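Novice: This structure is in structure tokens; I'll ask about it shortly.
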Amino acid sequence: MTKKSYSPLNLFLRSLIFSIYSSITILLYSFICLASFLLPLRCRHFLIRVYMRVYFYILKVVCHIDYKIEGLENIPKNRNGIIMCKHQSTWETFFLPQYFHNPAAIAKRELVWIPFFGWGLAATDPIFINRHDKKSSMQQIIEKGKKCLEAGRWIMVFPEGTRVAPGTVGHYKMGGARLAAVTNYPVIPIAHNAGRFWPRRKFIKQPGTIHVVIGPLIESEGRKPEQILALTKDWIETTMRRIDCLVDEPPR
């Protein structure tokens, strides 16, 4: 079955079924997340990973959206650092915690007030920031980010700040690069084309295979934040141009 064989009604019904599943399970799982605050952080992340594995399986079965990863060998087994990932979709926020140890996402504090979703996010112990106060936000990122890194956690950053449409380059912000420069922890860049299949602000999900590429570590020691950000942006956007040319049939 090729992508052309899906009628608009078929795509709508598949997206509707997945949205119903997503809404119901996130609602129910949010209460588990609330109860999990009594557990150690590693146990909370384990519960979330289990949910995400099921979530991605249902996404594949219902919407025929799968993914393939290139560069898994670039994730070090004895080091952690700062993930800088392309931001096109909701998909990557669910994907990253499955492959990186107890990540701490840098997120705007308003998200915690979103019912159900915000509760699950809070259970992961993220770094909440006030984006309207840049000076305070940067201080929070460095102070809590340093503690998380020293505890062996990854820091999860979307340097563009908000989701961008496929083929678009957002404004890369300095937060993650400054944290890397201050702490001397490396950056691991990630590119993907999830926005082609799970578009931002759109209901219909398109069948196909998301390509994820995990890049080699970008060392931060001895480099200025501007250099770190430039290297990261260059790798991500160069890789995006390559994977944007790839077209796959949806999973069978």
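The values are calculated or read from the model by the stated rules, or taken from the named source; none is laboratory data. What you see is a predicted model, and the numbers here were worked out from it, not measured in a lab. Cβ: placed from backbone, ideal geometry, glycine included. Neighbour counts: every protein chain shown. For the accessible areas, the whole protein counts, side chains as well, though only heavy atoms, and no ligand, DNA or RNA atoms are used. Shrake-Rupley method; radii C 1.70, N 1.55, O 1.52, S 1.80 Å.
Novice: Return a yes/no flag: does segment 15-23 have any residue that is under 18 Å from the mean Cα position of the chain (by Cα), of a type in the set (A, V, I, L, M) and modelled with pLDDT of 95 or more.
Specialist: Looking only at segment 15-23, we keep the residues that are under 18 Å from the mean Cα position of the chain (by Cα), and these are 22.
Among the residues that remain, those that are also of a type in the set (A, V, I, L, M) are: none.
Within segment 15-23, none of the residues are under 18 Å from the mean Cα position of the chain (by Cα), of a type in the set (A, V, I, L, M) and modelled with pLDDT of 95 or more.
Novice: In segment 205-224, what count of residues is obtained for those that are over 17 Å from Phe95 (Cβ atoms), open to solvent by less than 50 Å² (accessible area, probe 1.4 Å) and charged (D, E, K, R)?
Specialist: Counting residues in segment 205-224 that are over 17 Å from Phe95 (Cβ atoms), open to solvent by less than 50 Å² (accessible area, probe 1.4 Å) and charged (D, E, K, R) gives 0.
Novice: When residues of segment 180-207 are filtered for being on the phi > 0 side of the Ramachandran plot and at pLDDT below 95, how many remain?
Specialist: Qualifying residue count, segment 180-207: 1.
Novice: Can you give me the number of residues within segment 68-93 that are in contact with a helix residue (DSSP H, G or I) (Cβ under 7 Å, 6 or more places away or on another chain) and not in a loop (DSSP other than H, G, I, E, B)?
Specialist: 6
Novice: Run down Tyr55, Tyr67 and say which single residue is modelled with pLDDT of 95 or more, among the hydroxyl-bearing types (Ser, Thr, Tyr), at negative phi and open to solvent by 50 Å² or more (accessible area, probe 1.4 Å).
Specialist: After ruling out the rest, the residue left standing is Tyr67.
A quick yes/no check of all residues on (1) in contact with a strand residue (DSSP E or B) (Cβ under 8 Å, 6 or more places away or on another chain); (2) closer than 25 Å to Tyr55 by Cα:
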site	(1), (2)
Phe100	yes, yes
Trp119	no, yes
Val157	yes, yes
Glu160	no, no
Thr168	no, no
Pro186	yes, no
Trp198	yes, yes
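Novice: If I ask for residues that are under 19 Å from Arg153 (Cβ atoms) and in a strand (DSSP E or B), which ones from segment 175-222 would you list?
Specialist: Across segment 175-222, the qualifying residues are Val187, Ile188, Pro189, Ile190, Ile214, Ile218.
Novice: Still on this structure, I have one more. Name the one entry in Lys173, Lys202 that is of a type in the set (D, E, K, R), open to solvent by 20 Å² or more (accessible area, probe 1.4 Å) and free of Cβ contacts under 8 Å to residues at least 12 places away in the same chain.
Specialist: Unique residue meeting the criteria: Lys202.
Novice: Sticking with this one: Out of Leu9, Leu34, Leu39, which single residue is surrounded by 12 or more Cβ atoms within 10 Å (Cβ to Cβ), free of Cβ contacts under 8 Å to residues at least 12 places away in the same chain and not charged (D, E, K, R)?
Specialist: Details: Leu9 fails: surrounded by 12 or more Cβ atoms within 10 Å (Cβ to Cβ); Leu34 fails: free of Cβ contacts under 8 Å to residues at least 12 places away in the same chain.
Within the list Leu9, Leu34, Leu39, the selection yields Leu39.
Novice: Can you tell me which residue in segment 125-147 is farthest from the chain's Cα centre (by Cα), limited to those that are assigned to a loop (DSSP other than H, G, I, E, B), of a type outside the set (Asp, Glu) and surrounded by fewer than 19 Cβ atoms within 10 Å (Cβ to Cβ)?
Specialist: Selected residue: His132.
Novice: Tyr55 - would you say it is touching a residue at least 60 places away in the same chain (Cβ under 8 Å), among the hydroxyl-bearing types (Ser, Thr, Tyr) and either in contact with an Asp or Glu (Cβ under 6 Å, 6 or more places away or on another chain) or assigned to a helix (DSSP H, G or I) (or both)? If you could, list the steps in order and put the result at the bottom.
Specialist: Values: touching a residue at least 60 places away in the same chain (Cβ under 8 Å): no; among the hydroxyl-bearing types (Ser, Thr, Tyr): yes; either in contact with an Asp or Glu (Cβ under 6 Å, 6 or more places away or on another chain) or assigned to a helix (DSSP H, G or I) (or both): yes.
The answer is no for Tyr55.
Novice: Condition first: among the aliphatic types (A, V, I, L, M), over 17 Å from Met84 (Cα atoms) and open to solvent by less than 40 Å² (accessible area, probe 1.4 Å). Can you find one or more residues in segment 148-163 that meet it? Show your work before the answer.
Specialist: We begin by selecting, within segment 148-163, every residue among the aliphatic types (A, V, I, L, M); these are 149, 151, 155-157.
From what's left, over 17 Å from Met84 (Cα atoms): 151.
Those left that are additionally open to solvent by less than 40 Å² (accessible area, probe 1.4 Å): none.
No - not one qualifying residue is present in segment 148-163.
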